[in-house]
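Input: a single structure, listed below in structure tokens.
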Amino acid sequence: MHEALREGVSYVVYKQLVSVAGLEHQELARYLVIPPATLRRRAKAGKFKVEESDRLYRFAEVLKAAIDLFEGDRERAVHWLSNPVRGLGDRRPVDMLATSAEVEAVLDLIGRLEHGVFA
């Protein structure tokens, strides 16, 4: 995976994430802090740069963890990701994907929820 991230994730992966998450292309780009013009350039080039690829990977990791938390219910997982969560200071998990520290906080909360640890 680390090699794929270094080489740049294919734009096809982005389209697959959009489909799995049930989001609009621009909506996912906004969550990943990828401006619309940059997204168009990446679509034309066919792949993302390293930093963008890393953010795509982090989104996929959080999405998978949320789907697992909701026992495979993708709609509930996406709903949870898109709404303020008390355990994240009333921030939406999708708004916490720009940095690895934020992603770690989301994944930590998901882990605690899976194990029934709320504090």
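The values are calculated or read from the model by the stated rules, or taken from the named source; none is laboratory data. All values reported here derive from a predicted model rather than from experimental measurement. Note that each Cβ is placed from the backbone with ideal geometry, even for glycine, and that neighbours are counted across all protein chains shown.
A few remarks follow.
- Boolean, Arg74 is of a type outside the set (A, V, I, L, M, F, W, C), surrounded by 13 or more Cβ atoms within 10 Å (Cβ to Cβ) and more than 26 Å from Glu3 (Cα to Cα): yes
- Considering the stretch 89-109, and only residues there that are under 19 Å from Leu23 (Cβ atoms) and free of Cβ contacts under 8 Å to residues at least 24 places away in the same chain, the residue that is surrounded by the most Cβ atoms within 10 Å (Cβ to Cβ) turns out to be Met96.
- Check on Leu63, under 12 Å from the mean Cα position of the chain (by Cα) and farther than 19 Å from His2 by Cβ: yes
- Where a residue in the stretch 41-65 is polar (S, T, N, Q) and its partner, wherever it lies, is assigned to a strand (DSSP E or B) and surrounded by fewer than 21 Cβ atoms within 10 Å (Cβ to Cβ), with Cβ under 9 Å and at least six apart: Ser53/Lys47
- Taking residues in the stretch 15-33 that are at positive phi, and partners anywhere that are surrounded by 14 or more Cβ atoms within 10 Å (Cβ to Cβ) and of a type in the set (Lys, Arg), the pairs with Cβ atoms closer than 9 Å and at least 6 places apart or on different chains are Gly22/Arg74; Val33/Arg55.
- Of all residues in the stretch 1-36 being farther than 14 Å from Lys49 by Cβ and of a type in the set (Gly, Ala, Ser), the one that is surrounded by the most Cβ atoms within 10 Å (Cβ to Cβ): Ala21
- Test: residue in the stretch 61-81 that is in contact with a Gly (Cβ under 8 Å, 6 or more places away or on another chain) and within 18 Å of Ser10 (Cβ to Cβ): no
- Test: residue in the stretch 41-51 that is exposed (fewer than 14 other Cβ atoms within 10 Å of the Cβ), within 16 Å of Glu102 (Cβ to Cβ), in contact with a strand residue (DSSP E or B) (Cβ under 8 Å, 6 or more places away or on another chain) and at pLDDT 95 or above: no
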